[in-house]
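Here's the structure, in structure tokens; my notes come after.
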């Protein structure tokens, strides 16, 4: 049963920058009683989405940044919208950073997909969900997404290196879905553009979040190593799993 202000997050894909066999890159279905938002749409996500609803039933799509493991399946999703145009009364809005400009522009597709830019000051109200954005540190413009409904707060990191303001952005979150692409040993060897599992745990602990879910998992690493490193900093964490559902 839905509560008065309940959110539900379903994991469609949780790997990056590429998936292991049979899995998908980043994609999450965010829902309340009246709203359904696709949060990132990486490779393989469109197929998984159809277990839960059809693309023309979405209220909106939010893409944290324009790397293919986060937007790639929009290239396929647009064909479904076009061929089922009798189900569509208006374009499906894709909220995304404006850069790289050529990729942002390519998200527009006839009367079926319409790209709208997001910035640091963008505030969306989609149904009862209030959504804001915090710029992160990545190789292209990327945004952390904060969603509130009633007294509940959900935060999704998108892709990012560590930056001090992230702790304030996640403060008090009921659920923090955070990328953990690297281990500390890799960061110390020069890996950049992503968080380590330890950093994800540190941010969750310092921000006082209630629950941490680790995502954007590197496909060719034993996931237990990622979990173990994060748990040294924040015990109340777990690995994202395809088809897992988190309800707030």
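Coordinate-derived values only; no laboratory data. Not measured: the values here are computed from a predicted model. Neighbour counts run over all protein chains shown; Cβ positions are idealised from the backbone, glycine included.
Return one number: the angle in degrees, 0 to 90 and rounded to the nearest 10, between the long axis of the Cα atoms of helix 197-207 and the longest principal axis of the Cα atoms of the chain. With rounding to tens, the tilt is 90 degrees. What the pair-distance distribution of the chain shows, using all Cα-Cα distances binned every 10 Å from zero, is 8, 34, 39, 17, 3, 0 percent. With the highest mean first, a sort of the peptides 111-117, 14-20, 211-217 on other beta-carbon atoms found within 10 angstrom per residue produces 211-217, 14-20, 111-117. Calculated mean residue ellipticity at 222 nm for the chain: -5500 deg cm²/dmol, from DSSP H runs with n ≥ 4 weighted as -39500 (n - 2.57), summed, divided by the residue count and rounded to 500. Placing dummy labels 7 Å off each Cα toward the beta-carbon, the span from residue 125 to residue 174 is 2.0 nm.
Note: relative contact order over the range 38-133, using C-alpha pairs below 8 Å and six or more positions apart, is 24 percent.
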